[in-house]
Amino acid sequence: MILEGKKYRHFKGGEYKVLAVAKHSETQEDLVVYKSIKPPYQTWVRPLSMFEEEVDRDDYQGPRFVKMY
């Protein structure tokens with residue numbers, strides 16, 4: 001379960017804070033709204049299913065995002 005306000009590390013090293021879990025207005029798909037905690041502080045949106053999925057590439061196999069604390 002993705003928790004709003006918690007920090008997560010992307011498998012490529014970026015660190016982000018989850019701002020909200022939202023619904024797409026047309027499809028009702030769950031989306032995660034998250035923001036980089038380091039410059040340039042960009043805000044991103046990704047489907048929840050993609051945020052939680054396992055990846056297998058670039059010599060890495062595991063979760064796309066891991067909760068930091």
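The values are calculated or read from the model by the stated rules, or taken from the named source; none is laboratory data. Model, not experiment: these values are computed from the prediction. FYI the Cβ positions are ideal-geometry reconstructions off the backbone, even for glycines, and counts take in every protein chain you see.
Pick from region 42-68 the residues that are more than 13 Å from the chain's Cα centre (by Cα) and in a loop (DSSP other than H, G, I, E, B): which of them is modelled with the highest pLDDT?
59
Among the numbered criteria (1) touching a residue at least 60 places away in the same chain (Cβ under 8 Å); (2) loosely packed, with under 14 Cβ neighbours inside 10 Å; (3) in a strand (DSSP E or B), which one does residue 3 miss?
(3)
Among the residues of region 32-65, what is the count of those that are hydrophobic (A, V, I, L, M, F, W, C) and either in contact with a Ser or Thr (Cβ under 9 Å, 6 or more places away or on another chain) or loosely packed, with under 11 Cβ neighbours inside 10 Å (or both)?
Of the residues in region 32-65, 2 are hydrophobic (A, V, I, L, M, F, W, C) and either in contact with a Ser or Thr (Cβ under 9 Å, 6 or more places away or on another chain) or loosely packed, with under 11 Cβ neighbours inside 10 Å (or both).
Among (1) on the phi > 0 side of the Ramachandran plot; (2) assigned to a loop (DSSP other than H, G, I, E, B), which single condition is residue 26 missing?
Of everything listed in (1) on the phi > 0 side of the Ramachandran plot; (2) assigned to a loop (DSSP other than H, G, I, E, B), residue 26 misses just condition (1).
If the Cβ limit is 7 Å and pairs must be 6+ apart or interchain, which residue in region 32-60 that is farther than 21 Å from residue 3 by Cβ pairs with which residue that is modelled with pLDDT of 95 or more?
60/11
I'd like the residue in region 16-31 that is surrounded by 14 or more Cβ atoms within 10 Å (Cβ to Cβ) and among the charged types (D, E, K, R) and, out of all such residues, is farthest from residue 1 (Cα to Cα).
17
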